[in-house]
Amino acid sequence: MRDRRSVRAFLDKPVPEEILHHILEAARFAPSGVNTQPWQVAVLGPNHREKISKAIIEARDNNVPENPDYQYYPTEWVEPYKSRRKACGLALYGALNIQIDEKEKRKVQWYKNYYFFYAPIALIFYLDAHLCKGSWMDMGMFIQNVMLAARGFGLETCPQAALAEYPDIIRTHLNLPKTKHIVCGMALGYADWAHPVNQYRTAREDISQIMVKYD
Ligand SMILES: Cc1cc2nc3c(=O)[nH]c(=O)nc-3n(C[C@H](O)[C@H](O)[C@H](O)COP(=O)(O)O)c2cc1C
């Protein structure tokens, strides 16, 4: 848990299918309310992956409005989240030596999201649309299990809400009905530790900011 971090550059080294199988096999032991197990995960092969990347980029380039199935972030940012969000962006672009006003360079970096950061494995997590917040919690636990299990095999990950910006594109290409909601994507592979984007770590609040003790 302490060593997991979001990795955004990967080695060009394939991940054996049985390793991915082991990861998902372990992750499915995540808890879920009344054992609903609401999680589903699409493992994209090169054909689907390329089509999805292309379609999302085309939509963005044509200023098609994002239409996510859920709102991840608040419309208005207040403290302390505002500052934490800012620090997160500064750390990422700082590691890449990209200044705040270098919009084009920031865009190039952001667009790597749509290529799953060129990781050998590209995943899309989705669930039934009628399910409620509780199931989204369960999904989060499943996703975390995937990320931790991956580390057990020397693999790293980046969860990606960016891949849920245009869920209709994902549904079309994966032949999913409207009754499935797209939660996020994930890049998974062997980290390229030499890449500057993987050279920083995000901070965490002190435990005293989290834990509230009552007698
Ligand atoms: C559900 C979820 C979605 C995320 N989406 C993105 C994303 O689209 N692109 C990205 O670069 N990072 C994404 N992140 C990574 C966060 O920025 C990262 O977890 C956070 O900055 C903390 O850093 P760490 O994961 O390295 O500990 C996402 C994280 C989560 C949990």
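What follows draws every value from the coordinates through simple rules; no lab data is involved. It should be emphasised that the depicted structure is a prediction, and the values quoted were computed from it without experimental measurement. Don't worry about glycine lacking a Cβ; one is built from the backbone with ideal geometry, like all the others, and counts go over all protein chains shown.
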Notebook entry, point to check: Taking the Cα centre of region 17-202 as the origin and placing charges on Cβ (Lys, Arg +1; Asp, Glu -1), which of Ser83, Leu24, Ile170 is farthest toward the positive end of the dipole?
Noted result: Ser83
Item checked: Orientation-averaged projected area, Cα convex hull of region 45-145 (nm²) -> 8.8 nm²
Checklist line | Extension gain, Met141 back to Glu58 (0.36 nm per residue minus Cα-Cα distance, nm) | finding: 26.7 nm
Note to self: Among the complete DSSP H segments of the chain, which ones combine at least 24 Å of alpha-carbon extent along their axis with a mean Kyte-Doolittle hydropathy of -1.0 or more?
What the structure shows: 133-152
Next item on the list: Decide, for region 109-215, between rounded, prolate and oblate: order the square roots of the alpha carbon gyration tensor eigenvalues as a ≥ b ≥ c, take rounded if a/c falls under 1.5, and otherwise choose prolate if a/b is larger than b/c, else oblate.
Entry: oblate
Checklist line | With at most 14 neighbouring Cβ atoms within 10 Å, loop GluC sites (Glu not before Pro) (DSSP) excluded, longest segment of the chain | finding: 103-204
Margin query: If R₀ is 41 angstrom, what is the calculated FRET efficiency for the pair Val78 and His21, using the beta carbon separation as r and rounding to 0.05?
Written below: 0.40
Next item on the list: Pairs of lysines 8 or more apart, or on different chains, with alpha carbons under 15 Å: count those in the chain, would you?
Entry: 4
Check: Just the Cα atoms of region 17-202, one point each, no solvent: what log10 I(q)/I(0) does Debye give at q = 0.16, 0.17, 0.19 Å⁻¹?
Finding: -1.17, -1.32, -1.56
Margin query: Over region 43-181, what is the relative contact order in percent, taking alpha-carbon pairs closer than 8 angstrom and at least six residues apart?
Written below: 45 percent
Notebook entry, point to check: Based solely on its DSSP helices, what 222 nm [θ] is calculated for the chain when runs of n ≥ 4 H residues each add -39,500 (n - 2.57) and the sum is averaged over all residues, nearest 500 deg cm²/dmol?
Noted result: -11500 deg cm²/dmol
